[in-house]
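Peer 1: The structure follows.
The values are calculated or read from the model by the stated rules, or taken from the named source; none is laboratory data. From a predicted model like this one, the values you see are computed outputs, not experimental measurements. Cβ placement follows ideal geometry from the backbone for every residue including glycine, while neighbour counts extend to all protein chains displayed.
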Amino acid sequence: METKEQHLSDFDFELPESLIAQYPLKDRAASRLLHVKPDGSVEDLHFRDILNLLKPGDLLVFNNTKVIKARLNGKKETGGVFEAMTERVTGTYEAISMMRASKAAKPGTILYFDHPEGKEPARAEVLGREGEFFRLKFDHPVLEVLDEYGKVPLPPYIQHAAEKSDESRYQTVYAKYPGAVAAPTAGLHFTDELLQQIRDKGCEEVFVTLHVGAGTFQPVRVENLSEHVMHSEWYSISPEAAEKINKAKAEGRRVVCVGTTSLRTVEASASQNPEGKVRAESADTRLFIKPGYEFKVCDAMVTNFHLPKSTLVMLVSALCGRDEILAAYKHAVDEKYRFFSYGDACFLEQKVNQ
């Protein structure tokens with residue numbers, strides 16, 4: 001276990017901008033797959049090869065959150081333009097949002113949201129502030145307004161404006177519950193056909209829900225990682241999912257988390273339980289997983305490549321070892337893998353003798 005003081009600079013690596021994927025491949029399962037083995041050695045594969053890495057009896061944990069069209073543009077009643085990025089829907093008519101404007105909106109300010117086809121604007125009132133967020137009350141149900149007036153909130157490193165194709169492609173095929181402002185991108189590689197082939201192999205699946213927040217893109221602003229405060233995200237685990245996960249662990253079967261959000265969900269729940277078991281619950285988590293963390297549930301994971309110095313690089317380093325991850329990422333750069341949300345994937349197995 002790594003217990004020494006950890007620094008932000010420990011998780012930096014060189015990444016050519018040309019390797020940041022700007023568009024997804026036409027075929028979801030055509031991405032490349034970097035297999036990082038328990039001893040840290042790597043293997044270059046394609047995503048469909050995941051069938052050869054999975055074993056009968058493995059339990060795959062998927063995040064079935066659905067990305068909402070969280071980005072809204074419009075004008076304040078005073079005429080000033082703004083952009084609002086919905087962080088979380090907190091009620092039928094209420095949400096908290098980040099806002100970019102020349103002047104911060106005060107409580108009582110009326111906002112008018114532009115319709116993409118020039119129809120009548122939608123309306124909301126600023127109720128107040130919660131730290132960096134603004135509390136907004138809409139005249140109509142929030143999810144309806146976002147669906148009609150909003151744009152897909154593509155990550156900041158994707159340089160083109162959201163296009164019609166992003167509405168389906170920046171969404172997993174099993175997305176069900178709306179609330180995320182970023183896709184659980186490891187899941188973007190799965191097709192209905194591949195999911196059926198995984199079932200046919202004798203693997204099980206469960207679905208949990210974690211609504212990914214915009215905080216996932218916020219940079220870590222402290223050098224000493226013990227000072228970092230993790231952003232909060234809401235998750236939910238059904239009784240059926242909790243039972244299946246705990247049963248797999250009790251039987252010594254592997255739990256394979258599809259994405260950092262699925263991993264964070266099950267580990268957040270198990271970390272609150274003295275027995276280390278997953279509980280059926282809905283809760284918020286600020287769990288910060290970095291090297292030294294002892295995994296209670298996850299044995300292996302599917303994930304995309306992550307940003308330098310991000311909490312997600314720290315998370316995968318906790319599973320595989322920092323040196324092993326940095327070596328694997330250097331290999332990926334040398335082999336010109338495609339990085340980030342629309343890029344290639346990894347299959348990571350927990351490091352031996354952690």
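Peer 1: Just the residues that are of a type in the set (G, A, S), closer than 17 Å to P308 by Cβ and either free of Cβ contacts under 8 Å to residues at least 60 places away in the same chain or part of a strand (DSSP E or B) (or both), please, taken from the stretch 6-42.
Peer 2: Listed by number, the list holds a single entry, S18.
Peer 1: Which residues, taken from the stretch 112-134, are more than 29 Å from the chain's Cα centre (by Cα) and either surrounded by fewer than 16 Cβ atoms within 10 Å (Cβ to Cβ) or within 15 Å of V81 (Cβ to Cβ) (or both)?
Peer 2: Y112, E117, G118, K119, E120, P121
Peer 1: In the set A105, A84, which member is crowded, with 20+ Cβ neighbours inside 10 Å, on the phi < 0 side of the Ramachandran plot, assigned to a strand (DSSP E or B) and over 17 Å from the mean Cα position of the chain (by Cα)?
Peer 2: Result: A84 is the single residue among A105, A84 that is crowded, with 20+ Cβ neighbours inside 10 Å, on the phi < 0 side of the Ramachandran plot, assigned to a strand (DSSP E or B) and over 17 Å from the mean Cα position of the chain (by Cα).
Peer 1: Which condition number does K164 fail, the rest of (1) surrounded by fewer than 18 Cβ atoms within 10 Å (Cβ to Cβ); (2) part of a loop (DSSP other than H, G, I, E, B); (3) in contact (Cβ under 8 Å) with a residue 60 or more places away in the chain being met?
Peer 2: Here K164 clears every test but (3).
Peer 1: Working carefully through the options T92, T78, find the one that is outside any strand (DSSP E or B) and at pLDDT below 95.
Peer 2: The unique qualifying residue is T78.
Peer 1: Follow-up. Step by step: first the residues of the stretch 1-35, then only those that are among the basic types (K, R) and surrounded by fewer than 19 Cβ atoms within 10 Å (Cβ to Cβ), then the one that is modelled with the highest pLDDT. Which residue is that?
Peer 2: K26
Peer 1: Does R279 meet the test of being charged (D, E, K, R), closer than 23 Å to D58 by Cβ, touching a residue at least 60 places away in the same chain (Cβ under 8 Å) and assigned by TED's automatic domain parsing to the domain that holds T172?
Peer 2: no
Peer 1: Here are the criteria: (1) outside the structural domain of A214 (by TED's automatic domain parsing); (2) part of a loop (DSSP other than H, G, I, E, B). Tell me which single one S97 does not satisfy.
Peer 2: Exception for S97: condition (2).
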